[in-house]
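Undergrad: My questions will all concern the structure given below.
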Number of protein chains: 2
Amino acid sequence: MMILRHSPASPFVRKVKIAADVLGLADQIKLEDTDTIAPESGFLDQNALGKIPTLILEDGSTLFDSRVIVEYLDHLAGGGRILPKEPKARFAALRLQALCDGILEATLLIVYEGRFRTPEMRFQAWLDRQQSKTDRALAVLEAAPPALTETPDVGQIALACALGYLDLRLAGAWRKNHPKLVTWLDQFAARVPAFARTKAPT
Amino acid sequence: MMILRHSPASPFVRKVKIAADVLGLADQIKLEDTDTIAPESGFLDQNALGKIPTLILEDGSTLFDSRVIVEYLDHLAGGGRILPKEPKARFAALRLQALCDGILEATLLIVYEGRFRTPEMRFQAWLDRQQSKTDRALAVLEAAPPALTETPDVGQIALACALGYLDLRLAGAWRKNHPKLVTWLDQFAARVPAFARTKAPT
């Protein structure tokens, strides 16, 4: 049994959970709750960066971050399932994942601004800078949403997690001006039951 | 000819430059200076996230971020050169790259705190939180520096770039308490001439 250090609301963890489910590996992974704000030393021994997701393999070794874990799970499932082997599809999927991870990183910096700083120390120009990254990335995605494949690739999974996180943390404001992405996410959710199952409790 | 959107001090760009040099692809890549603080719209059309490195391929399509680009360059060079195909070595290299990218991300957040905020808006608890990630990661690496291979893998390249960036931005304070990593970096630099050639001008 592998162990996934997780928390229910982490969007990078959600990528891993959806990947594991799609690949039929979810029952080989036990979830362990992790507090990244005040991490215990045992967790910091597993990942010096103090970040989730962190996957602990059966031999006790660890893997992180989410991109490395989803590639490892794809490997365990035989390879080429959610991470295409054919170069054109592979780099399109990896590029889309990078774009959506970038949305998540920008949004997390906005969330952390509220979580770690006292109100008078929050800096609007920084928040605006991060939001502009998400706004531009969403405009690009709205102009040409990625095709959905029979088995979702890591890029599609990352996009679903990015949109889900914008719903969770920024009240779904993206929905108003991105109708094609709203439809895209509905279609993704209909094809990938793990998306609904991994929704963070509110 | 491919184009790499770059700036001379970016540690993530340096990963790509070293990878290209090691793979014999440097003469196929033209560098284009990029201001990420006040990016021009042309660059934002290439990468909505406004981040470097961004690689523009000969067909005009773009790739990012550094991890995706180094994998692409490895693919162009035949595959399995800096990103091993054998699973154990591959995931060790990817994990090391993730750890060192984590050091870089934490250090960049410290640098950005100085670059984007007015002095009274800098928040010590946040800086300490980021520094603690680097400190723990360096302790793990000092305890067991990774073996150097004939051709450096993406993990080793990322570690060299992380230590080089700590030299550039945090005055090499890491050197005092990490003698094995100092030796490791000297050995890496002796094997990989691109490391010296890609040093940021001071």
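Derivation of every value follows stated rules applied to the coordinates shown; laboratory data play no part. Here the structure is a predicted model, which is why all the values come from computation and not from measurement. A quick note on method: Cβ atoms are made from the backbone with ideal geometry, for glycine too, and the neighbour counts reach across all protein chains shown.
Undergrad: Once the Cα gyration tensor of the range A:1-46 is diagonalised, what are the square roots of 5 times its eigenvalues, in whole Å and ordered largest first, as equivalent ellipsoid semi-axes? Spell out each step's value before the answer.
TA: Values: eigenvalues 87, 31, 9 Å².
For the range A:1-46, the ellipsoid semi-axes come out as 21, 12, 7 Å.
Undergrad: Near B:GLY50, within a Cβ-to-Cβ distance under 13 Å, what is the net charge of the other residues, with Lys and Arg +1 and Asp and Glu -1?
TA: Surrounding charge for B:GLY50 is -2.
Undergrad: Below 8 Å between Cα atoms, with a sequence gap of 6+, how large is the relative contact order for the range A:2-76 in percent?
TA: 39 percent
Undergrad: A further question on this structure: Hey, what's the per residue convex hull volume over the C-alpha atoms of the range B:71-111, in cubic angstrom?
TA: Once divided by residue count, the hull of the range B:71-111 is 61 Å³.
Undergrad: In peptide B:48-55, what is the residue-averaged number of other protein chain Cβ atoms found within 10 Å of each Cβ? Could you put the intermediate results ahead of the total?
TA: Working: counts 13, 13, 7, 5, 0, 0, 0, 0.
Mean partner shielding for this stretch: 5.
Undergrad: For all pairs of alpha-carbon atoms in the range A:87-195, what percent lies in each bin of width 5 Å, listed from the first bin to the last filled one?
TA: 2, 12, 22, 24, 18, 11, 7, 4, 1, 0
Undergrad: Which value at 222 nm does the protein assembly as shown reach when only helices count, each DSSP H run of 4 or more adding -39,500 (n - 2.57), with the total divided by all residues and rounded to the nearest 500 deg cm²/dmol?
TA: Roughly -18000 deg cm²/dmol at 222 nm, from the helical runs in the protein assembly as shown.
Undergrad: When the convex hull of the Cα atoms of the range B:122-170 is projected onto a plane and the area is averaged over all directions, what value comes out in nm²?
TA: 4.1 nm²
Undergrad: Could you work out, residue by residue across A:89-99, how many beta carbons of other chains sit within 10 Å of that residue's beta carbon, and then give the average as an integer? Can you show the working numbers first?
TA: Details: counts 0, 4, 8, 2, 1, 8, 9, 1, 3, 10, 6.
Shielding by partners across A:89-99 averages 5.
Undergrad: Can you list, bin by bin at 5 Å, the percent of alpha carbon pairs in the range B:2-76, starting at 0?
TA: 3, 17, 32, 28, 14, 5, 1
Undergrad: Something else about it: Once the Cα gyration tensor of the protein assembly as shown is found, what semi-axes does its equivalent ellipsoid get, as square roots of 5 times the eigenvalues, in whole Å, sorted largest first? Walk me through the numbers on the way to the answer.
TA: Values: eigenvalues 169, 121, 114 Å².
Sorted largest first and rounded, they come to 29, 25, 24 Å.
Undergrad: Can I ask one more? Alpha carbon centre of the range A:7-27 versus the range B:1-69: separation in Å?
TA: Centre-to-centre (Cα) distance: 31 Å.
Undergrad: Tell me, what is the Rg over Rh of chain B, with Rh the Kirkwood radius over Cα pairs?
TA: 0.96
Undergrad: Another one. Could you pull out the longest piece of chain B with no exposed loop GluC sites (Glu not before Pro) in it, calling a site exposed if DSSP puts it outside H, G, I, E, B and it has at most 15 other Cβ atoms within 10 Å?
TA: B:59-149
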